[in-house]
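Read the structure below first, then the notes.
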Amino acid sequence: QVQLVESGGGLVQAGDSLRLSCAASGGTISIPVMGWFRQAPGKERDFVAAINWDGNTYYADSVKGRVTVFKDNAKNTLYLQMNSLKPEDTAVYYCAARGVLGWSSRSDEYAYWGQGTQVTVSS
């Protein structure tokens, strides 16, 4: 059973940077795709970024150019580096894992989820 634990959220000002981490355990060698999603109050859970087993990355248009997803396989940790943060980036950020090949931006195609970490960007 894959377990994901996010950390690194917090309260920052617009224009600041933040790095989120997601520590994975249990069967991580079988995870082909890992991703980040976010959910603002009253809104659906939206795709942010994903990384394939081969290192290819994918981003939502709303964060492209400001966000980088990367992983440290030795540490079984996924990261999300966010720069030039905006108030509209405020949300709970979730780490997710997809157990089949092929990336996806659909949250219902990810089987494993972390508990989420709050990111709040003040203007």
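Taken along its principal axes, the alpha carbon cloud of the stretch 82-123 reaches lengths of 39, 19, 15 Å, longest axis first.
With a bin width of 5 angstrom, please list the P(r) values of the chain as percents of all Cα-Cα pairs, from the 0 bin to the one holding the largest distance. Here the calculated profile for the chain is 2, 12, 24, 27, 20, 10, 4, 1, 0.
Tell me, what is the per residue accessible area of the chain in Å², probe radius 1.4 Å? Please report the intermediate quantities before stating the final value.
Values: 6340 Å² over 123 residues.
Value for the chain: 52 Å² per residue.
For the chain, the tally of Lys pairs with Cα-Cα distances below 25 Å comes to 4, considering only residues 8 or more apart or on different chains.
Cβ-Cβ distance of Glu88 and Gln1, R₀ of 35 Å, FRET efficiency by 1/(1 + (r/R0)^6): the value works out to about 0.50.
Applying the criteria of a DSSP loop state and at most 16 other Cβ atoms within 10 Å to the chymotrypsin sites (Phe, Trp or Tyr not before Pro) of the stretch 11-71 yields Trp53. Where does the Debye-calculated log10 I(q)/I(0) of the stretch 10-58 sit at q = 0.32 Å⁻¹, using only Cα point scatterers of equal weight, no solvent? Log10 of I(q)/I(0), two decimals: -1.20. Assuming charge only on the beta carbon of Lys and Arg (+1) and of Asp and Glu (-1), the dipole of the chain about its Cα centre is about 100 debye to the nearest 20.
Between Ser25 and Ser62, what FRET efficiency comes out of the Förster formula 1/(1 + (r/R0)^6) with R0 = 22 Å and r the beta carbon distance, rounded to 0.05? Between Ser62 and Ser25 the formula returns 0.15. Within the accessible area of the chain, the carbon and sulfur atoms contribute 47%, probe 1.4 Å, all protein chains present.
The values are calculated or read from the model by the stated rules, or taken from the named source; none is laboratory data. These numbers come from a predicted model, not from an experiment. Counting neighbours? That spans all protein chains shown, and the Cβs are built from the backbone with ideal geometry, glycine included. These area figures cover heavy atoms from the full protein model, side chains too; ligands, DNA and RNA do not enter into them. Shrake-Rupley method; radii C 1.70, N 1.55, O 1.52, S 1.80 Å.
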